[in-house]
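Reading through the structure tokens given below for one structure.
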């Protein structure tokens with residue numbers, strides 16, 4: 001493990017020329033890379049239990065949920081998302097698909113689920129069920145290549161719309177996603193920012209979500225990341241599993257194609 | 001004649017792209033309309049784009065020279081000045097304002113306290129700029145402003161340029177990444193004058209060696 005950690009530190013050191021202060025950030029990151037010490041593993045265990053448990057008004061488990069490779073087939077499913085689903089006639093990411101299964105198979109109401117999606121880190125809350133199940137399903141693609149399909153017209157359209165959305169400036173800050181994420185070597189304060197047009201950068205990012213966020217004390221998923229960015233951009237709340245979030249995630253996942261999932265991640 | 005013909009050819013070649021961009025922008029507007037929650041605690045007006053935001057989005061911050069000129073002129077016309085037209089305010093207050101700046105976040109998940117949801121909280125300048133050399137946790141999305149006044153002096157032209165830049169950055173740089181701090185109500189004219197003084201004043205720590 002030690003050599004792996006050191007190897008990762010060296011890799012990070014090679015990844016980009018470092019400004020003052022970034023070497024210590026890389027050291028910190030290297031320490032976080034020890035997966036055996038990643039508290040996200042506990043949340044994945046919780047998600048596994050919830051996935052197999054009979055729950056909801058229909059008293060059903062999620063074992064028949066189809067994430068794209070067939071009912072109950074979880075191995076590698078996340079690595080091939082987002083994708084077009086015939087039954088919903090939509091492109092869906094992992095989390096919007098999970099919402100479909102929890103409503104259709106288990107009978108939960110969508111409004112009820114959406115009323116409490118995210119753990120509130122200010123109250124030191126534990127991860128919600130939806131967050132835990134997402135982390136568990138995603139973890140079944142650990143070590144696999146990021147390989148979302150791009151065959152169906154709707155999949156192509158989602159990625160294209162996602163990129164246009166990425167550049168849309170709005171809100172009182174005049175921000176778009178591109179304001180922070182389209183150039184190399186940029187930082188907000190000391191926080192490095194990913195350039196989504198640099199394959200290595202975006203692969204390193206997308207391959208490590210879901211991620212345990214040390215500053216939140218919980219596992220966070222891509223839908224939360226999309227909400228968080230928009231909240232910081234001072235927009236209204238972007239809706240969980242909405243077409244815009246799925247389009248953005250489609251674009252980002254395609255930019256990261258060829259990367260290898262390394263889950264769960266651990267970040268600031 | 002020859003150049004005219006070439007221009008015509010060039011325009012003809014570009015026209016389909018412009019149309020495609022407009023179509024795409026319309027689709028993205030629809031996407032946005034379907035994807036954000038309305039209701040109490042939300043402010044859907046924040047998602048409506050003004051003309052400048054539209055052009056910067058569609059061109060991905062690369063407006064044509066003609067578009068850039070139109071943006072500069074339109075944004076220059078928005079600039080308001082503080083009472084008494086005093087563009088150099090109190091640099092000490094400016095120093096507080098460049099550090100402060102949390103707020104304006106809305107919604108139902110993690111909104112700021114109501115009083116902070118409007119602007120006027122500060123500029124949060126260190127997120128993107130280096131200013132006082134003693135503050136090491138400075139971002140680099142924007143250029144370093146350390147020694148701003150020491151380098152440029154404090155002539156009336158520099159003072160006005162600085163105030164205008166802070167109030168509405170797109171009056172000079174179309175599609176700049178920087179928020180239009182005054183125009184969008186993030187800072188008041190008096191606060192912008194204070195930050196102008198912080199950038200220019202010889203006493204400001206930002207200008208000390």
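The values are calculated or read from the model by the stated rules, or taken from the named source; none is laboratory data. Bear in mind that the values here come from a model prediction, so they are computed numbers and not experimental data. Virtual Cβ from ideal backbone geometry, glycine too; neighbours counted across all protein chains shown.
Residues considered: A:159, A:182. Of these, the only one that is within 13 Å of chain B (Cβ to nearest Cβ), touching a residue at least 40 places away in the same chain (Cβ under 8 Å) and crowded, with 20+ Cβ neighbours inside 10 Å is A:159.
Go through the residues of the stretch B:140-163 one by one and say whether even a single one is closer than 25 Å to residue B:51 by Cβ and buried (at least 20 other Cβ atoms within 10 Å of the Cβ). Yes, the stretch B:140-163 contains a residue that is closer than 25 Å to residue B:51 by Cβ and buried (at least 20 other Cβ atoms within 10 Å of the Cβ). Of the residues making up the stretch B:147-202, those that are within 14 Å of chain A (Cβ to nearest Cβ) and at positive phi are B:175, B:185. If you go through the stretch A:101-112 one residue at a time, do you hit one that is in contact with a strand residue (DSSP E or B) (Cβ under 6 Å, 6 or more places away or on another chain), more than 16 Å from residue A:264 (Cβ to Cβ), away from chain B (no Cβ under 13 Å) and surrounded by 15 or more Cβ atoms within 10 Å (Cβ to Cβ)? There is at least one residue in the stretch A:101-112 that is in contact with a strand residue (DSSP E or B) (Cβ under 6 Å, 6 or more places away or on another chain), more than 16 Å from residue A:264 (Cβ to Cβ), away from chain B (no Cβ under 13 Å) and surrounded by 15 or more Cβ atoms within 10 Å (Cβ to Cβ). Is it true that some residue in the stretch A:143-151 is within 11 Å of another protein chain (Cβ to nearest Cβ) and either in contact with a helix residue (DSSP H, G or I) (Cβ under 7 Å, 6 or more places away or on another chain) or buried (at least 23 other Cβ atoms within 10 Å of the Cβ) (or both)? Checked against the condition, which is being within 11 Å of another protein chain (Cβ to nearest Cβ) and either in contact with a helix residue (DSSP H, G or I) (Cβ under 7 Å, 6 or more places away or on another chain) or buried (at least 23 other Cβ atoms within 10 Å of the Cβ) (or both), the stretch A:143-151 yields no hits at all. Among the residues making up the stretch A:245-268, those that are crowded, with 24+ Cβ neighbours inside 10 Å and either within 14 Å of chain B (Cβ to nearest Cβ) or closer than 16 Å to residue A:179 by Cα (or both) are A:245, A:246, A:247, A:248, A:249, A:250, A:252. Only helices (runs of 4 or more DSSP H) whose full extent lies in the stretch A:111-216 are considered here, and the ones with at least 3 residues that are over 14 Å from the mean Cα position of the chain (by Cα) are A:153-166, A:178-181, A:199-206.
Checked against the criterion of being modelled with pLDDT of 95 or more, at the interface with chain A (Cβ under 10 Å from one of its Cβ atoms) and within 26 Å of residue A:230 (Cα to Cα), the stretch B:62-85 contains not a single residue that satisfies it.
Taken over the stretch B:17-58, the criterion of being at the interface with chain A (Cβ under 9 Å from one of its Cβ atoms), over 18 Å from residue A:163 (Cβ atoms) and in contact with a helix residue (DSSP H, G or I) (Cβ under 8 Å, 6 or more places away or on another chain) is satisfied by B:36, B:38, B:47, B:52. Inspection of the stretch B:41-54 finds a residue satisfying the criterion of being farther than 24 Å from residue A:180 by Cβ and touching a residue at least 12 places away in the same chain (Cβ under 8 Å). So in the stretch A:219-233, with the set limited to residues that are in contact (Cβ under 8 Å) with a residue 40 or more places away in the chain and more than 10 Å from every other protein chain (Cβ to nearest Cβ), which one is nearest to residue A:164 (Cα to Cα)? Step by step, filter the stretch A:219-233, then rank; the result is A:229. Looking only at residues in the stretch B:97-125 that are crowded, with 19+ Cβ neighbours inside 10 Å and assigned to a helix (DSSP H, G or I), the one that is farthest from the other protein chains (Cβ to nearest Cβ) is B:97. Out of curiosity, is residue A:236 within 12 Å of another protein chain (Cβ to nearest Cβ), in a loop (DSSP other than H, G, I, E, B), closer than 30 Å to residue B:119 by Cβ and touching a strand residue (DSSP E or B) at 6+ places or on another chain (Cβ under 8 Å)? Yes; evaluated as a whole, the condition is true for this residue. Might you check whether a residue that is farther than 30 Å from residue B:35 by Cβ and not in a loop (DSSP other than H, G, I, E, B) occurs anywhere in the stretch B:53-66? Checked against the condition, which is being farther than 30 Å from residue B:35 by Cβ and not in a loop (DSSP other than H, G, I, E, B), the stretch B:53-66 yields at least one hit. From the list A:201, A:126, the lone residue that is more than 21 Å from residue A:246 (Cα to Cα) and more than 13 Å from every other protein chain (Cβ to nearest Cβ) is A:126.
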